[in-house]
Amino acid sequence: MRNDEIAGMLETLANLLEFKGENPFKLSAYRRAARVLRDQTEDVATLVRENRLKDLPGIGESIEKKIVQALTTGKIEKLTEVLKAVPPGVLRMMEIPGVGPRTAAQVHEKLGINTLQEFTRAARSGKLAGVPGIGAKKAEGFLGAIKFAKASSRRMLLGEALPLAERIVAQLEERGVRGALAAGSLRRMCETIGDIDILAAGSASGKIIGAFTKLPEVRRVLGAGGTKASVVMESGVQVDLRVVPPESFGAALQYFTGSKAHNIRLRAMARGRGLKLSEYGVFRGNRRVAGRTEEEVYRALKLPLIPPELREDRGEIEAAQKGALPKLVALGDIRGDLHVHTKWSDGRNTIEEMARAARALGRKYIAISDHTRALKIFGGLDVDGLMKEIAAVRAAAKKLRGIALLTGTEMDIRADGTLDLPDAALAKLDFVTASVHSAFRQDKEKMTQRILKAIANPNVDCIGHLTGRLLGRREGYAVDVEAVLKAAARNGTAVELNANPLRLDLTDQACRRAKELGVQVVINTDAHSTEDLQLMRYGVATAQRGWLEKSNVLNARATPPKGKSGGK
DNA sequence: GCCGTTTTCGGCCCGACTGTTTTCAGTCG
């Protein structure tokens with residue numbers, strides 16, 4: 001059973017117990033444990049086998065027992081028990097925005113409602129409005145929420161959310177709102193974003209809220225008070241705006257950036273020091289001792305400023321206390337792009353066009369890396385084609401100043417782990433990336449062996465998009481990431497962090513594991529057009545979330561890499 | 001249920017908005 005499956009069971013358990021009115025602190029204990037499990041790159045099964053499960057924060061005796069149960073029997077006894085006692089539809093009901101455990105319990109007790117369908121019917125018929133705490137307005141609101149949830153349950157990609165937020169901030173600026181910033185999971189550069197949080201400083205909050213709710217792309221105003229407003233944009237995305245006084249801006253930015261887990265830790269630390277931390281500042285009694293900037297807030301807690309990308313309660317607070325925060329790689333450190341497609345396979349631009357566009361972005365080298373023959377539908381090259389492309393790359397290189405062109409390929413790893421072109425051809429190339437593009441449904445053992453075989457080949461410099469996931473569309477293939485990273489470390493093979501916002505593969509946590517194991521990460525755009533070369537920012541952001549420093553990133557080196565086997 | 005610079009027992013983050021309840025509970029972030 002996968003980590004996220006067990007985490008999901010613990011979360012369900014928490015939700016059900018919440019419905020039953022169980023001690024709220026017990027629930028947060030389950031939820032915290034679930035989050036810690038999701039954060040692990042190592043399989044829970046491994047941790048159990050090596051008796052290291054209880055080393056994880058938030059996992060004690062009782063939860064350990066439940067995890068072991070899940071692994072050995074596929075079930076958690078307590079969950080099974082509670083599932084029997086709670087009507088199955090209440091979890092669905094609690095997913096409606098505005099319906100929490102208390103409301104769900106009331107509706108169940110007073111009206112005997114057990115399913116989302118019954119809930120919807122009761123809301124329409126007016127029955128729901130008779131339940132204590134629910135009036136006509138709330139019932140109507142629930143109906144709207146149900147309809148809306150059906151239309152837009154999907155999370156946005158970082159690559160969609162960031163440009164949208166930047167557009168909204170620019171529009172606010174045109175209307176006289178200065179210094180607005182996106183906070184939330186977007187500022188932490190999470191791979192997917194639920195909704196967008198924007199923060200503005202100012203005293204004329206009514207004016208700012210008014211400007212915001214009247215922006216051209218706003219479809220519906222969900223709510224607007226004195227300091228905050230929520231709207232739904234034409235695209236279906238929810239955007240929240242908060243307006244705070246300048247003396248609280250840093251504290252608010254800190255608070256609304258999160259993560260929740262990070263903030264809870266900070267607030268507990270503040271309490272320990274006799275302080276109170278809220279979105280309005282750090283207070284000693286009634287006196288505000290910090291709040292104008294984030295630096296101030298962290299300093300009041302005797303911490304250096306922690307970069308937003310690290311704020312997940314994954315050890316960044318402890319590192320900050322020890323003065324051991326990583327010096328994160330930055331977009332400006334990136335010198336090359338080692339995975340770029342052209343018209344020679346399925347790219348839209350020529351070698352020269354890609355090179356010029358990369359040079360304009362400040363890249364010093366790129367590796368032309370087209371597909372190989374197994375991907376015939378994508379124009380994959382055979383040996384003959386590849387040799388011709390090498391000649392074309394060299395010819396283009398002669399014409400261009402200021403950027404080096406490397407010969408390369410995105411070599412297909414076939415289902416049996418053999419490579420799509422012979423070693424003699426690969427040996428002629430400057431940089432070989434090898435990727436899986438077929439037989440995604442192989443079991444974990446087979447898939448892992450397949451990739452390990454490619455890693456062992458001295459001509460393979462890097463493994464491309466390791467899990468093959470497409471966010472929101474396709475699960476990654478089953479592969480033992482830990483085993484692959486360890487083999488990469490042994491063989492001196494690099495691993496790709498594919499910067500395409502649909503992939504971001506390696507994940508942040510896998511990047512961090514690569515760093516621990518001493519594996520070099522290559523951040524590539526996998527560009528199929530000149531515009532795609534700009535996707536690098538998303539890859540760098542994910543690398544930052546993975547604690548990577550410049551020295552961990554192969555294409556942050558000033559000179560092009562010559563492959564693990566040395567100059568070819 | 002977890003955990004220990006406040007603790008092996010007694011804590012566990014804080015505030016805004018909404019609707020409805022005439023003084024606040026529930027939900028959300």
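Taking the options A:E353, A:E312, A:E316, name whichever one is assigned by TED's automatic domain parsing to the domain that holds A:I264 and in contact with a Ser or Thr (Cβ under 9 Å, 6 or more places away or on another chain). If you could, list the steps in order and put the result at the bottom.
Numbers: A:E353 fails: assigned by TED's automatic domain parsing to the domain that holds A:I264; A:E316 fails: in contact with a Ser or Thr (Cβ under 9 Å, 6 or more places away or on another chain).
Matching residue, one of A:E353, A:E312, A:E316: A:E312.
In segment A:120-232, which helices (runs of 4 or more DSSP H) lie fully inside it and hold 1 or more residues that are out of contact with any Lys or Arg (no Cβ under 6 Å at 6 or more places or on another chain) and at positive phi?
Qualifying helices (runs of 4 or more DSSP H): A:184-187.
Mind checking which helices (runs of 4 or more DSSP H) fall wholly inside segment A:458-568 and carry at least 3 residues that are without any contact (Cβ under 8 Å) to a residue 60 or more places away in the chain?
On the way: elements: A:481-491, A:508-517, A:536-545.
Answer list for segment A:458-568: A:481-491, A:508-517.
I'd like the residue in segment A:233-262 that is part of a helix (DSSP H, G or I) and among the hydrophobic types (A, V, I, L, M, F, W, C) and, out of all such residues, is farthest from A:L215 (Cα to Cα).
Looking at residues that are part of a helix (DSSP H, G or I) and among the hydrophobic types (A, V, I, L, M, F, W, C), I get A:A261.
Here's the yes/no breakdown for (1) more than 32 Å from the chain's Cα centre (by Cα); (2) modelled with pLDDT of 95 or more; (3) within 28 Å of A:L452 (Cβ to Cβ):
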site	(1), (2), (3)
A:L361	no, yes, no
A:Y365	no, yes, no
A:R373	yes, no, yes
A:I377	no, no, yes
A:G380	no, no, yes
A:M387	yes, yes, no
A:A392	yes, yes, no
A:G417	no, no, yes
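Within segment A:59-114, which residues are within 12 Å of DNA strand B (Cβ to nearest atom), surrounded by 16 or more Cβ atoms within 10 Å (Cβ to Cβ) and in a loop (DSSP other than H, G, I, E, B)?
Residues satisfying the conditions are A:I59, A:I76, A:I96, A:V99.
Condition (residue is within 29 Å of A:G464 (Cα to Cα), surrounded by 18 or more Cβ atoms within 10 Å (Cβ to Cβ), within 16 Å of DNA strand B (Cβ to nearest atom) and not assigned by TED's automatic domain parsing to the domain that holds A:H465) applied to segment A:266-284: is it met by at least one residue?
No, there is no match, as no residue in segment A:266-284 is within 29 Å of A:G464 (Cα to Cα), surrounded by 18 or more Cβ atoms within 10 Å (Cβ to Cβ), within 16 Å of DNA strand B (Cβ to nearest atom) and not assigned by TED's automatic domain parsing to the domain that holds A:H465.
Among all residue pairs at least 6 apart or on different chains, which show Cβ distances below 6 Å where the first residue, located in segment A:23-34, is surrounded by 14 or more Cβ atoms within 10 Å (Cβ to Cβ) and the second is of a type in the set (V, I, T)?
A:A33/A:I59; A:A33/A:I63
The values are calculated or read from the model by the stated rules, or taken from the named source; none is laboratory data. Because the structure is a prediction, the values reported are computed rather than measured. Cβ: placed from backbone, ideal geometry, glycine included. Neighbour counts: every protein chain shown.
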